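Q: One structure, pasted below without further comment.
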Amino acid sequence: MTQDGVEAVTIDTSKPHPARIYDYLLGGKDNYEVDQQAGDRLAAAAPEARIGVRANRAFLQRAVRYVVGSGVHQILDIGTGLPTSPNVHEVAQSVAPDVRVAYVDNDPIVAAHGNALLSRSGTTRIVLGDLRDPRSVLDHPDVRQIVDFDQPVALLLVAILHFLTEADRPAEIVATLRDALPAGSFLVLSHATGDFADRSAAQAVYSNATASLNLRTRAEVERFFEGFDLVEPGLAQVPFWRPDTPPPPHSAEIGFYGGVARKTA
């Protein structure tokens, strides 16, 4: 059985799923008991986890406002996760109403919720696709209907690459996506790290999940921006990337890097 031309994935509610754990930590309702238990274990292992996911979400919103304010009016959001208002298209269209957004995720639950949310909008699409096969994402007809790759695009890879192992070749995946973007495009990326505390216990929470958690150092995350020019303040912990409100307590402990970069050539 296929959906959107991609092999449909059976929904496995026996294992926690990263998108549903994230939704639970954000206070959402689109999760199962197994996800809630994993989220509680994660918060016990990494006490800053709840403020961390909220800070990451706030970083995403600030970054979207920045790229749209810089004149880019089409967004490709891969690994979008479960809808959490304000969604990317809501944030973007509050800056420029004509912004178009293509959402991509490999979780059929995300696709189902997204389709219900976006069914009346002609400027958004949600596609069931897998970051590990970037060419199929770029070539998907629904993505192509929304995104004109002859014009600058904002590519969002927010809290997704840390679910790829080195065997998945994440740097090659990002390079494939980068090479499809014209000059003037942006990359918005955030990634979990263990640079500020030992988070091996947090990683272990994902050992029984549908995807593992692969923490990377600052230098390893910066490599994903090759071929782009980071905008100020460069790669930073997410609460400190162009904050528009005082950073939350314990922000210095938050294990998420975030950055925005522009492709100039």
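The values are calculated or read from the model by the stated rules, or taken from the named source; none is laboratory data. Model, not experiment: these values are computed from the prediction. Positions of Cβ are generated from backbone atoms using ideal geometry, with glycine treated the same way; all protein chains shown enter the neighbour counts. With ligands, DNA and RNA removed, areas are computed over all heavy atoms of the protein, side chains included. Shrake-Rupley method; radii C 1.70, N 1.55, O 1.52, S 1.80 Å.
Q: Answer yes if at least one residue in the stretch 76-92 is out of contact with any Leu (no Cβ under 8 Å at 6 or more places or on another chain), modelled with pLDDT under 95, among the aliphatic types (A, V, I, L, M) and open to solvent by less than 40 Å² (accessible area, probe 1.4 Å), and no otherwise.
A: Yes, there is a match, as at least one residue in the stretch 76-92 is out of contact with any Leu (no Cβ under 8 Å at 6 or more places or on another chain), modelled with pLDDT under 95, among the aliphatic types (A, V, I, L, M) and open to solvent by less than 40 Å² (accessible area, probe 1.4 Å).
Q: If you don't mind, another one. Is it the case, given these coordinates, that Gly114 is touching a Pro at 6+ places or on another chain (Cβ under 9 Å), buried (at least 23 other Cβ atoms within 10 Å of the Cβ), over 26 Å from Leu235 (Cα atoms) and not hydrophobic (A, V, I, L, M, F, W, C)?
A: yes
Q: Moving on. Given the options Leu189, Leu215, Leu177, Leu128, name the one that is open to solvent by less than 20 Å² (accessible area, probe 1.4 Å), under 24 Å from Arg54 (Cβ atoms) and under 16 Å from the mean Cα position of the chain (by Cα).
A: So the residue among Leu189, Leu215, Leu177, Leu128 that is open to solvent by less than 20 Å² (accessible area, probe 1.4 Å), under 24 Å from Arg54 (Cβ atoms) and under 16 Å from the mean Cα position of the chain (by Cα) is Leu189.
Q: Restricting the first residue to the stretch 137-151 and requiring it to be among the aromatic types (Phe, Trp, Tyr), which pairs with a second residue that is assigned to a helix (DSSP H, G or I) meet a Cβ separation below 8 Å and a spacing of at least six or different chains?
A: The qualifying pairs are Phe149/Leu138.
Q: On to the next question. Among the residues that make up the stretch 168-176, is at least one of them within 23 Å of His17 (Cβ to Cβ) and among the acidic types (Asp, Glu)?
A: Within the stretch 168-176, one or more residues are within 23 Å of His17 (Cβ to Cβ) and among the acidic types (Asp, Glu).
Q: Quickly run through the stretch 165-174 and pick out the residues that are open to solvent by 10 Å² or more (accessible area, probe 1.4 Å) and either touching a Lys or Arg at 6+ places or on another chain (Cβ under 9 Å) or not in a loop (DSSP other than H, G, I, E, B) (or both).
A: Answer for the stretch 165-174, where residues must be open to solvent by 10 Å² or more (accessible area, probe 1.4 Å) and either touching a Lys or Arg at 6+ places or on another chain (Cβ under 9 Å) or not in a loop (DSSP other than H, G, I, E, B) (or both): Glu166, Ala167, Asp168, Arg169, Ala171, Glu172.
Q: Further, regarding this structure: From Leu215, Leu161, Leu177, Leu181, which residue is out of contact with any helix residue (DSSP H, G or I) (no Cβ under 8 Å at 6 or more places or on another chain) and at negative phi?
A: Just a single option satisfies the conditions, and that option is Leu181.
Q: Taking the stretch 192-203 only, how many residues are touching a residue at least 60 places away in the same chain (Cβ under 8 Å) and either in a loop (DSSP other than H, G, I, E, B) or crowded, with 16+ Cβ neighbours inside 10 Å (or both)?
A: Summing the residues that are touching a residue at least 60 places away in the same chain (Cβ under 8 Å) and either in a loop (DSSP other than H, G, I, E, B) or crowded, with 16+ Cβ neighbours inside 10 Å (or both) in the stretch 192-203 gives 7.
Q: Of everything in the stretch 40-91, what is touching a residue at least 40 places away in the same chain (Cβ under 8 Å), β-branched (Val, Ile, Thr) and over 20 Å from His191 (Cα atoms)? Give them in sequence order.
A: Val68, Val72
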